[in-house]
1. Using the basic label-point model (7 angstrom from Cα toward the beta carbon), what is the A:Arg347 to A:His98 distance in nanometres?
2. Considering amide H positions built from the backbone, and no H for Pro or chain starts, which residues 5 or more places from A:Leu675, or on another chain, come under 5 Å of its amide H?
3. Suppose each label sits 7 Å from its Cα in the direction of the beta carbon; what would the A:Arg135-A:Arg748 distance come out to in nanometres?
4. Taking amide H atoms as placed 1.01 Å from N in the peptide plane, list the residues 5 or more away in sequence, or in a different chain, whose amide H sits under 5 Å from that of A:Val107.
5. How much of the DSSP bridge set in the protein assembly as shown is antiparallel, in percent, rounded to the nearest 5?
6. Determine the gain in length on full extension of the stretch A:His247-A:Thr581; use 0.36 nm per residue of separation and subtract their C-alpha separation, reporting nm with one decimal.
7. Taking R0 as 56 Å, what FRET efficiency do you get between B:Thr68 and A:Asp548 from their Cβ-Cβ distance, rounded to the nearest 0.05?
8. Can you tell me, using C-alpha contacts under 8 Å and at least 6 residues apart, the relative contact order of segment A:777-830 as a whole percent?
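The values are calculated or read from the model by the stated rules, or taken from the named source; none is laboratory data. Remember, it's a predicted structure, so these values are computed and weren't measured experimentally. Ideal geometry is used to build each Cβ from the backbone, glycine not excepted, and the neighbour counts take in all protein chains shown. Accessible surface is based on the protein model in full, side chains and every heavy atom, while ligands, DNA and RNA are left aside. Shrake-Rupley method; radii C 1.70, N 1.55, O 1.52, S 1.80 Å.
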Amino acid sequence: MYGSPVTADLDGARRAIGRDILAGDGGLSALRRFTEEIDRELQRLHAAATPASIPAAVIALGGYGRYHLCPHSDIDLLVLFGGGVGAAEERFLRDLLHPLWDAGFVVGHQVRESGEIETPEIDNPEFLLALADARLIAGDAALYRGLREATDVPRTRAIVIDALQRLLEERHARFSGTFYQLEPDVKEAPGGLRDVAAARTMAEASDPTLLRRNSDAPRLAKAEDFLLKLRALLHLARRRNDNVLGHELQEQIAEQLAYPGPSARHRVESLMADYFSHARAVARALERVQRTAPAPLGVNIGRTRDGVRFIDDVAAARQPQSWLSVFQAALDADTGVADETLDGIRRETESAAFADLLPGAGHRAALLALLRPQRGLYARLSDMHDCGLLGRLIPPFQSITCRVVRDFYHKYTVDEHTLQTIRNLERLVVTPDAHPRFSTLLQEVDAPELLVLALLLHDVGKWRDDDHALESVRMAEGFLALLPLTETARDTVLFLIRHHLRMSQVAFRRDTEDPEIVREFASLVGSEDRLKLLCLMTLADVEAVSPDTLTRWKEELLWRVYVDTYNCLTRQYADDLIERTETAAAGCVARRPADLEAAEVAAFLEGLPRRYLQLFDRRAVYEHVRLARDIHPDEVHLRLTRMESVWELTAVTLDKPMLFANVCGVLSSFGMDILRGHAMTSPNGLVLDIFQFADAERFLALNPGASDAVLHAIEDVVAGRSTAADRLRGRLSGLRRRPAARVAPVVRIDGDASKKYTVLEIVALDEIGLLYRISRGISEQGCEIDLVLIATEGHTAIDVFHLTRRGAKLTPAEQQGLTAFLEQMLEDTA
Amino acid sequence: MKLLKAIIRPNKVDEVKDALARLHISGMTVTEVRGHGKQKGHTAIYRGKEYNVSLLPKMQIEVVVTNTIADEAIRAIVEAARTGEIGDGRVFVLPVEQAYRIRTGEQDI
């Protein structure tokens, strides 16, 4: 009916394999010819089939893909479609497969749509394994390429190797783990054909040179040829897919293959000796591959028992931009870098310049990412330093290699002291119980890699003998300009380097019970974020001086300075206002862009807390000035921007009752979780609110026009056209609540911290709508909210309000009443 | 001979050392200590929560002086360590009966 040699005379084609083998042809070449005939048959069937309505590819899998079809082997196929399968595709499948079934083939077929292969089927490792030998037979080549690209990636290769290891273990267990079988299954038994394929696949998926490094490759090829011959003859003898070389067939096959010997017993022994010799070669090659195959971790990077290494050292030597990635892979895998890879980098690194190692912004961002404090960072940076790479990646660091500075305190060279500061940070991550208060601080830091960067650079100026902090800053400036850092991040790193000795001087040498000392230090630091960074830097730096330098006593002093400064920053900043004539404000006015008038910048700044200029860089300040232009009562000027993982809303308006609560309420009504923020009111009634919030349900990202909806809702509420209470009625209870450990709410009022305000601090379990409820409650109690600091640390919200009532601080009775009211409210909603 | 044991504010160590040096007293032992006297610690607040700081970090300076300059040394310590606020510390004066040099075994008092 189909007229092709295979389907018309399958038995004839099968017998031809036997004839070829017995005529002295190799097993591999005989089976390849048979497989190619099947290929041609499938290509004919594909051409004759009713076309599918979408692109389709017919792909050989497993042994068929390897050209190892024996006479009665199953034909394993993947039919891949470029879209959804409909009636036309089903017809196409029938036309392709039915003739094969009718001709007596056993076909194992799988059908996939292209969308399904975009994500590798990691829960189906056998399928991924079969794909390792995939080969296009007919149809759309682009679809096939897409399949290869989707599956031939390090992650998939790692899954394939894992699956292989597991399958090998299970299969070998069925044979008691020995290839010395008297009646061996030439496909399944240890040392059989499956093991040959396993060794090849494992090497190909990890390190293709593995089998070429010794005599395994030719021995494996000979064994494979021999085993395929046996399998083909077994299929022909039994006329089915049976691969057991039983006693009854051993004599027949020994004779067919002309093994010498005076008797059948001798010929069988010769055959079996040959078999065991080949099986042993296969088993040894597989064992060696299993032992040494690196688990793929990235492009040209694998993990072995010696650590993470480049799979192809020669290729890696030509690609210095890839060197950093081997250290990142080692950190991710929580292991070291193999000595041979470190040696290779050491040999090449002298000729590598910064631009070779980190040519693009992506590479430079990868350096920053590597610096996040985590287990192993000190060891990996030390490795990088030992092989000369660190000084190439961070050129200023080169100047302190083995630098000796003699003093009474330091026990290590400057480079090792620097690396030990990073080890100390790492310990805060790995063993948080050793310094729990500081470990918590580190968890709260948004970009801890900046701290590590500052530590790496803080003493580079010690190559000279004078004021090293200033020299370190000078050297760091040029280097930081090369990194993809925001202006704020760069300023933070430079601040930390410039002042890295300041906090220890204050803590250990100044009278910290003098409020003026703390106020002066708080003024230098400017924000809680910088305070945390400087505190952690000080701790790490002091501890790295010598094993005995950081005592519990010093730790306690440091912590106290931190707490006093934190309290000063959060509770006393309201009394410290920007004056028109002061330098920072004048600088901001002088450097304004052309579209801003000097008077409007000066008027905007005057009377805001001085902290404002420390929190925001000039670009942000000028944006705020623009937003404040032409503002009228009941109007609000808004700006909504997306940051990395959060959104930021800036609102400028004129003060009115319930304003803060209403803006918070609108954000909550859209399911936004307010994480951080500042609210400030100037003496002339101008209000500047900045909120950073999480949009966990991705309302803003997924809905076109959602940003406008949020902004319009805020405008309506500020204009008095609606209230947050209306928007929220019945909705708060339905909003997503964050599952978390219970945090007992704390309400604390301080009437003394500020000259002008009563300071209210609330610590409670963070949840959507919390800030709205608190601020509405404060307003309902008749208090005006003038300044707010909003912070979220983990699941805990920490909000500090500066309040007045009828223009004055709250009386003790009013404080008591407000505290009781808020405590009750938080208890009721907790 | 007298043993002067001064408990002082941590930030006053350098000033006390300088004051004693002016009297040509250079040998001393400085120890980080924690404790309280009348000051009895205080209550600190961090993020709304109170914690009691009962043991305050102090420095202890020990110095052995001859009877003839003991009063002068005590005055120097007191003047250098004083701020006038609670928590300035104490100076204890103890008689020293004997002293030996460990290296030679020689008794020098």
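1. Result for the modelled spin labels: 6.3 nm.
2. A:Gln692, A:Phe693, A:Ala694
3. So the label points at A:Arg135 and A:Arg748 sit 7.4 nm apart.
4. Here A:Ile75 satisfy the definition.
5. Expressed as a percentage, antiparallel bridges in the protein assembly as shown total about 90.
6. Taking A:His247 through A:Thr581 to full extension adds about 109.8 nm, to one decimal.
7. 0.95
8. Contact order relative to length: 31 percent.
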